[in-house]
């Protein structure tokens, strides 16, 4: 396939972009499956503004983090280097791991050729900022958010598996979402919130959000 045609596909088809990202950050062989089509289609609806709230529930090892925490922020910033994205995970270690994979994509030659307007100004993993003020800000659950907001909030595995049956930890996560994280949307009406996680309890963050009828699907 001619290079120009391939780049046009990567710029305009999120699933194709996801596959390229997977090949960049993973040593595994990409195995296509229907759930990737479903997740990518739902996310494309968020990008277009058809939906602003989405929950993706998948077990481990199904590409949910690569799709939502690595590929999606890279794609959004490629489309709009001014975009502001907040990415949250249950621990600093996981948050840093995903930020490092995102950085690998942004600094790859194919991405630079695809989106030449995206130029990193800062290189610390917690705050990866473009030269025009867009960013991917990474933090952990209950981590620092003072001074930062986003047009997108991506919550990736807010609970580690061992905390699923801890009432204290679950309630702490749910309260932090309601009292702190939600307020960080730049615009409550148009801002997007994406929650991606494995189900661990009927009142984990997924269960909590669905019980409150907050527009998530």
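Any read-out appearing in this document is the output of simple, stated calculations on the displayed coordinates, not a laboratory observation. Small disclaimer: the values here were computed from a predicted structure and weren't measured. Neighbour counts run over all protein chains shown; Cβ positions are idealised from the backbone, glycine included.
Residues that are within 15 Å of the chain's Cα centre (by Cα), part of a loop (DSSP other than H, G, I, E, B), buried (at least 17 other Cβ atoms within 10 Å of the Cβ) and in contact (Cβ under 8 Å) with a residue 12 or more places away in the chain: does region 144-151 have at least one?
Looking through region 144-151, at least one residue is within 15 Å of the chain's Cα centre (by Cα), part of a loop (DSSP other than H, G, I, E, B), buried (at least 17 other Cβ atoms within 10 Å of the Cβ) and in contact (Cβ under 8 Å) with a residue 12 or more places away in the chain.
If residue 46 satisfies every condition in (1) touching a strand residue (DSSP E or B) at 6+ places or on another chain (Cβ under 8 Å); (2) in a helix (DSSP H, G or I); (3) loosely packed, with under 15 Cβ neighbours inside 10 Å but one, which is the exception?
Residue 46 satisfies every listed condition except (3).
Among the listed residues 180, 122, identify the single one that is out of contact with any helix residue (DSSP H, G or I) (no Cβ under 9 Å at 6 or more places or on another chain), surrounded by fewer than 17 Cβ atoms within 10 Å (Cβ to Cβ) and not in a helix (DSSP H, G or I).
One residue alone meets the criteria, 122.
Going through region 17-37 one residue at a time, which ones are in a helix (DSSP H, G or I), free of Cβ contacts under 8 Å to residues at least 24 places away in the same chain and surrounded by fewer than 15 Cβ atoms within 10 Å (Cβ to Cβ)?
Passing the criteria: 23, 34, 37.
Taking the condition out of contact with any helix residue (DSSP H, G or I) (no Cβ under 9 Å at 6 or more places or on another chain), touching a residue at least 60 places away in the same chain (Cβ under 8 Å) and surrounded by fewer than 18 Cβ atoms within 10 Å (Cβ to Cβ), does residue 116 pass?
no
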